[in-house]
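Heads up: the structure comes next, in structure tokens.
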Amino acid sequence: MSGGSDSEEKIRMQLPIRGGDFSKAGEASSKIKNILKQLGVSPAVIKRVAIACFESEINIVAYANKGQFSVDITTGEIRVLAKDEGPGIECVEMAMMEGFSTAPPELREMGFGAGMGLPNIKKAVDWMKIESQVGVGTELEFKILFGGGENG
Amino acid sequence: MKISDMAARFGFEMLTAPKDSEIEVEGGYASDLLSDVIARAESGNVWVTTQTHVNIVAVASLKELAAVVIVSGRKPDEETIDLAKTKGVCLLGAQSPAYEVAGRLYEAGIRGSPK
């Protein structure tokens, strides 16, 4: 790899996530968390990464057919691209509002669909971008700085 | 307070054992909304909930909670129990409802975060 930061150590991973498989939900997030622990990233930062990853993972499991995390870890930050093939989000602005949810009753009974997922992610990360196409899927990308960014 | 002491004191049924029986419970959190627990529970907390499905294990594991107390005599299904065993997540069963359980834990000095 070439580029300005090629002296930095880099870890790259692709973690597949199956839509509808609640028994495996959280595994990709746990993997990421364990790697950051091994790297000695601070617990406060790991906590934020865990929140953002888990919420993204749950969104894919609950709503999409399938998806994956593409993870990039350098010495200074983690970037996660959560990409799915699914129904997409009709109005991202509304979905970002706390309390707004399109979850069906079955999901709500399980304690999901409180309309807190995307707002929780936003609070946990230093940067995020979300692009969605109805009927195609959603791409959510976020970044968390290890050096105690604006939320650190 | 150790988990086993807490279970004995309040008559909780130990559905699955903790990974480490010496672990101390540090504070508590009560909620049935998973996103709320993900955002606000602290590691070492005991989590009081009516939820019984398999995702409580993922949440407890990710947040490194000390134990989950499932209230009102509700029983988790086999899938939940199996995953909890695999992940070393301690599940406890209480006959009393959430308010009562949280109140007793609070009384015993297991506090929440006031914010």
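The values are calculated or read from the model by the stated rules, or taken from the named source; none is laboratory data. No experiment lies behind these values; they were computed from the predicted model shown. Because the Cβ atoms are built from the backbone with ideal geometry, glycine has one as well, and the counts that use them run over all protein chains shown.
A few points about this structure:
- Here B:Asp82 fulfils each of the conditions (1) farther than 22 Å from B:Ala102 by Cβ; (2) in contact (Cβ under 8 Å) with a residue 24 or more places away in the chain apart from (2).
- Residue within region B:40-51 that is over 12 Å from the mean Cα position of the chain (by Cα), buried (at least 22 other Cβ atoms within 10 Å of the Cβ) and at the interface with chain A (Cβ under 9 Å from one of its Cβ atoms) present: no
- Looking across A:Ile73, A:Ile17, one residue alone is within 14 Å of chain B (Cβ to nearest Cβ), modelled with pLDDT of 95 or more and in contact with a Lys or Arg (Cβ under 8 Å, 6 or more places away or on another chain). It is A:Ile17.
- Among the residues of region A:106-148, those identified as touching a Lys or Arg at 6+ places or on another chain (Cβ under 9 Å), within 14 Å of chain B (Cβ to nearest Cβ) and not β-branched (Val, Ile, Thr) are A:Ala114, A:Lys123, A:Ala124.
- You will find that of B:Val89, B:Val54, B:Val71, the residue that is facing chain A (nearest Cβ under 7 Å) and over 18 Å from B:Arg111 (Cβ atoms) is B:Val54 and no other.
- Any hit, region A:48-67, residues being surrounded by 15 or more Cβ atoms within 10 Å (Cβ to Cβ), within 18 Å of the chain's Cα centre (by Cα), of a type outside the set (Phe, Trp, Tyr) and in a strand (DSSP E or B): yes
- Residue in region A:22-44 that is outside any helix (DSSP H, G or I), aromatic (Phe, Trp, Tyr) and within 13 Å of chain B (Cβ to nearest Cβ) present: yes
- Taking region B:85-107 as the range and being without any contact (Cβ under 8 Å) to a residue 24 or more places away in the chain and under 26 Å from A:Ala50 (Cβ atoms) as the test, only B:Thr86 passes.
- Only residues that are β-branched (Val, Ile, Thr) and modelled with pLDDT of 95 or more were counted in region B:4-24, giving 1.
- Residue match in region A:48-62 (condition: more than 17 Å from A:Gln14 (Cα to Cα), within 14 Å of chain B (Cβ to nearest Cβ), free of Cβ contacts under 8 Å to residues at least 24 places away in the same chain and out of contact with any Leu (no Cβ under 9 Å at 6 or more places or on another chain)): no
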